[in-house]
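See below for the structure under consideration.
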Amino acid sequence: MDRVAAARAAGASIISLSAGEPDFDTPEHVREAGIAAIRGGQTRYSQVIGLRALREAIAAKFQRENGLDVDWRHTIVGTGGKQVIFNALAATLNEGDEVIVPAPYWVSYPEIVQLCGATAVTVACGADKGFKLTPDALQAAITPRTRWLILNSPSNPTGAVYSRAELQALAEVLLAHPQVLILSDDIYEHLIFDGIAFSTMAQVEPRLRDRTLTMNGVSKAYAMTGWRIGFGAGPDWLIEAMEKLQGQQTSGASTISQYAALAALTGPQDFIGQSRRVFQRRRDDVVREINNAWGLHCEVPQGAFYVFASCEALIGCVTPTGTELATDEDVVGALLDEAGVATVHGSAFGLGPYLRIAYALDDASLGRACNAIQHFCQTLSK
Ligand code: PLP
């Protein structure tokens, strides 16, 4: 993002396929609820753990959408999903603890684990496994020091989605290791395509519920990234520890944003279906165009708004200006400098050589970006 900003400041025209957020506006009734909260004087501290009305709406959401019978007292509201994750890990990890992070992963997981003094144990989950953790790989990664397994479905950066059966198979392994907590990052829950059903671990295996934190939020589902509201449901001891930490960190999430999130969860839900349809159409367009680009290849992701494309064939090539492409980071740099398109290299997410292409962008810009990528690939020489 820094390089895009610098290039734009220097007058270059850059199309960014690197955004991690929907390009839509927050739904009108949600924005109005935020304004009404300000006008109505809801501008003071809320409870550290979140407004009761919002926590009740969160419990209702878990029941309605995930079939999870959650007591609102076992929910917590944080400043974005990220704070929920951070607090869960910070409240539980000690030096020497291990956290299993399937790779490719959202970049923040290993960083947060490291910040907590623990060790991220990354497990390579390649394209041959659909970028998903298998029961055997999970079993092999668990040690007596394992404290958490982090699961993210639909996934950032691959868009991979775990089926109910796949989660059940992982659950069978986890049932034999009671020291392992499960963090289910469901932030992309609603961005799931082709009519497939979303599943989350606490729903699939009720015997794991007392050691699973189900984390979600309004950022991606309701295009509310800037409002900074995320939430989680989990065992009471964990929620209590997270609340204690939050009390000394942020004193809770913005009250105004909590009222907006309440409107999002309890108001009309048609925005979710509309944005899903738009993203699915864009996904189809981008997958087709990327697979038409010389040297790039991607499978069809089932969720989120990312395409994770292999650029292996580009490695070792030279661009018309003489730039050698030795790594996926070189490919990303050359695409930016020579084609005006910003992507993120797969190795930043723990698996190269890949490009993460975010299609949270209008159709015309996406079309131009895909053309520029295809032209760039065509002009490479070995
Ligand atoms: N989890 C994943 C996988 C994400 O990609 C993101 C944001 O990019 C988050 C969590 C954090 O979401 P929030 O903006 O609600 O903090």
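Can you tell me which residue is nearest to the ligand (Cβ to nearest atom) among those in segment 146-196 that are surrounded by fewer than 21 Cβ atoms within 10 Å (Cβ to Cβ) and of a type in the set (S, T, N, Q)? It comes out as SER163.
One residue stands out in segment 73-88 among those that are more than 12 Å from the ligand (Cβ to nearest atom) and outside any helix (DSSP H, G or I): the one that is surrounded by the most Cβ atoms within 10 Å (Cβ to Cβ), namely ILE76. Residues of segment 325-348 that are of a type in the set (Asp, Glu) and in contact with a helix residue (DSSP H, G or I) (Cβ under 7 Å, 6 or more places away or on another chain): ASP328, GLU329, GLU338.
Within segment 227-242, being more than 16 Å from the ligand (Cβ to nearest atom) and among the β-branched types (Val, Ile, Thr) holds for one residue alone: ILE239.
For segment 280-317, a residue qualifies if it is free of Cβ contacts under 8 Å to residues at least 60 places away in the same chain and not in a helix (DSSP H, G or I), and the qualifying residues are HIS297, CYS298, VAL300, ALA309, CYS311, ILE315. A Cβ distance below 8 Å, combined with a sequence gap of six or more or placement on separate chains, defines the contacts here; from segment 111-133, residues that are closer than 11 Å to LEU351 by Cβ reach residues that are surrounded by 18 or more Cβ atoms within 10 Å (Cβ to Cβ) and of a type in the set (D, E, K, R) in the pairs CYS125/LYS132.
Only the coordinates and a few stated rules stand behind these numbers; no lab work does. All values reported here derive from a predicted model rather than from experimental measurement. Virtual Cβ from ideal backbone geometry, glycine too; neighbours counted across all protein chains shown.
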